[in-house]
Amino acid sequence: MNYDAALETAIGRLHDEGRYRTFIEIERKMGEFPRAVWTRADGSKRDITVWCGNDYLGMGQHPVVLEAMHEALEVSGAGSGGTRNISGTTVWHKRLEAELADLHGTEAALLFTSAYIANDATLSTLPKLFPGLIIYSDALNHASMIEGIRRNGGAKRVFRHNDISHLRELLEADDPAAPKLIAFESVYSMDGDFGPIAEICDLAEEFGALTYLDEVHAVGMYGPRGGGVAERDGLTHRIDIINGTLGKAFGVHGGYIATSAKMCDAIRSYAPGFIFTTSLPPVVAAGAAASIRHLKGDQALRDLHQERATALKLRLRGLGLPIIDHGSHIVPVIVGDPKHTKLISDMLLEDHGIYVQPINYPTVPRGTERLRFTPSPVHTPRDLDALVRAMDTLWSHCALNRAELAG
């Protein structure tokens with residue numbers, strides 16, 4: 001076999017479909033978020049404004065986070081030194097898990113190196129703990145949840161997105177005595193819509209199922225202490241396992257589950273994705289813990305975040321752009337074609353110094369390609385004005401002229 005030719009064919013297919021992804025090399029400017037410096041392929045540099053970051057609240061530059069990380073670095077050095085079982089459990093990890101358990105009102109929490117790994121490791125391990133487990137998964141669940149469910153070797157059922165009636169049909173069709181778990185999200189990151197948490201909890205109680213809620217795009221930003229949508233709606237006590245991230249609103253890195261002490265104990269004892277992975281560096285754990293502590297009391301930052309998101313949606317809708325608005329902080333603008341989406345993204349970056357990545361298949365269905373904006377409290381009204389002017393110019397002169405875009 002000509003391996004190089006096979007690779008060229010696979011990559012060429014992505015180019016032909018307009019789905020080839022490029023890395024934009026940026027250097028974020030601490031103290032000036034969302035400002036960054038873009039390094040072009042020829043080595044030249046340009047100041048840009050980032051509109052697609054997941055550091056939703058700008059906590060990656062917050063003084064309390066940086067101070068905690070500096071302290072941990074001076075005390076413990078760079079790395080953790082091993083897995084959690086082999087010298088990789090430090091005071092910083094235990095403090096962070098305690099902060100997370102307190103945030104969600106659970107008995108315990110368990111750290112992972114990312115929320116992807118937390119989902120994958122937990123969902124792939126649960127059938128070992130509950131033989132015969134059937135997992136009911138929302139059709140739009142994140143790839144990490146899908147992968148964990150796929151790898152676990154157990155039974156799975158996929159219900160139509162947010163379709164409670166379909167979920168009920170699937171539950172009714174299975175053995176009442178079989179162990180069950182319903183896996184879903186609070187905020188779906190591509191459309192920005194909310195999962196029907198209360199209704200799913202009702203079904204779970206009726207059919208004796210566990211609930212598994214991914215709050216990755218909600219922790220830090222919703223609820224009176226940033227515990228997520230479940231906390232906002234007073235439903236945390238009805239969730240058996242919460243998955244969250246430390247790399248978005250908390251501005252650092254890592255993932256976790258928050259659940260009962262017995263569940264954490266079982267997952268840490270059986271999940272290869274936890275057992276065989278070097279633990280988070282203490283400096284990262286210290287920064288994350290400080291961020292969580294701060295955000296538990298900073299409702300003003302959450303309110304400003306929602307104000308910025310609302311303002312952007314109103315302004316883009318006023319231009320007649322096809323945005324999706326489900327009331328969350330995520331602002332998708334549907335373009336509907338991968339090549340057009342990439343071209344608008346490139347023009348925003350090159351001509352206006354605005355960075356927003358195109359979102360294409362398989363992240364979203366074909367024909368729904370989009371630009372996904374993530375406004376934050378560190379975006380100023382002037383930033384908003386610049387973005388709206390740029391989108392107005394490009395949409396008016398390019399996006400609606402398919403022939404021009406294709407050329």
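The values are calculated or read from the model by the stated rules, or taken from the named source; none is laboratory data. Note that the structure is a prediction, hence the values are computed from the model and not measured. Counting neighbours? That spans all protein chains shown, and the Cβs are built from the backbone with ideal geometry, glycine included. Surface areas here come from the heavy atoms of the whole protein model, side chains and all, with no ligands, DNA or RNA. Shrake-Rupley method; radii C 1.70, N 1.55, O 1.52, S 1.80 Å.
Close amide H partners of Leu210, meaning residues 5 or more places away or on another chain with modelled amide H under 5 Å apart, are Lys180, Leu181, Ile182.
At what distance in nm do the modelled label points of Arg160 and Ala173 sit from each other, each positioned 7 Å from its Cα along Cα→Cβ? Reported label-point gap for Arg160 and Ala173 is 1.3 nm. Restriction of the chymotrypsin sites (Phe, Trp or Tyr not before Pro) in region 1-56 to DSSP coil positions whose beta-carbon has at most 14 other beta-carbons within 10 angstrom yields Tyr20, Phe23. Test of the criteria: in region 1-105, which trypsin sites (Lys or Arg not before Pro) are in a DSSP loop and have at most 12 other Cβ atoms within 10 angstrom of their Cβ? Answer by residue number: Arg21, Arg40. The separation of region 88-102 from region 219-270, counted between C-alpha centres, amounts to 13 Å.
Hey, if we sort Lys296, Lys313 by accessible area with the 1.4 Å probe, largest down, what's the order?
Values: Lys296 30, Lys313 10 Å².
Accessible-area ranking of Lys296, Lys313, largest first: Lys296, Lys313.
Please compute the volume of the convex hull spanned by the alpha-carbon atoms of region 1-118 and report it per residue in Å³. It would help to have the intermediate numbers written out before the result.
Details: hull volume 28.0 nm³, N = 118.
So the per-residue Cα hull volume is 237 Å³.
Each of Phe194, Gly220, His237 was scored by the projection of its Cα onto the charge dipole of region 149-289, and the greatest displacement toward the positive side belongs to Gly220; charges sit on the C-beta of Lys, Arg, Asp and Glu.
Using only the Cα atoms, what convex hull volume per residue in Å³ does region 170-312 have? Please report the intermediate quantities before stating the final value.
Numbers: hull volume 19.7 nm³, N = 143.
That works out to 138 Å³ per residue.
Each Cα pair of region 255-297 feeds into the Kirkwood radius, which the Stokes-Einstein equation turns, at 4 °C and 1.567 mPa s, into a diffusion coefficient of 107 µm²/s.
Placing pseudo-labels 7 Å out from each Cα toward the beta carbon at His70 and Arg366 gives an inter-label distance of 5.3 nm.
Hey, can you list the DSSP H helices of the chain whose Cα span along the axis is 18 Å or longer and whose average Kyte-Doolittle score is at least 0.5?
Values: long enough: 3-17 (22 Å, -0.44); 63-76 (19 Å, 0.69); 91-104 (20 Å, -0.50); 115-129 (21 Å, 0.35); 282-295 (20 Å, 1.09); 299-318 (29 Å, -0.79); 338-352 (20 Å, -0.67); 381-394 (20 Å, -0.05).
Both cut-offs are met by 63-76, 282-295.
With +1 on the Cβ of every Lys and Arg and -1 on the Cβ of every Asp and Glu, and nothing else charged, how large is the dipole of the chain about its Cα centre, in debye rounded to the nearest 20? Mind dumping the intermediate values first?
Values: 41 positive and 51 negative charges, 87 e Å.
Roughly 420 debye, rounded to the nearest 20.
By a 1.4 Å probe calculation restricted to protein chains, Leu167 has an accessible surface near 0 Å², given to the nearest 10. Heavy-atom accessible area, probed at 1.4 angstrom with all protein chains present, ranks Cys52, Cys264 as Cys52, Cys264, highest first. Running Debye on the chain with equal point scatterers at the Cα sites and no solvent, what base-10 log of I(q)/I(0) appears at q = 0.11, 0.13 Å⁻¹? Treating every Cα as an identical point scatterer, log10 I(q)/I(0) equals -0.88, -1.20.
A 1.4 Å probe, protein heavy atoms only, puts the accessible area of Thr363 near 70 Å². Kirkwood radius and radius of gyration were both taken over the C-alpha atoms of region 280-394, and their ratio Rg/Rh is 1.04. Distant-in-sequence amide contacts of Phe159, defined by a placed amide H-H separation under 5 Å and a gap of 5 or more residues or a different chain, comprise Ser137, Asp138, Ala139.
Remark: spin-label model distance Asp351-Leu14 equals 2.7 nm, labels positioned 7 Å along the Cα→Cβ axis.
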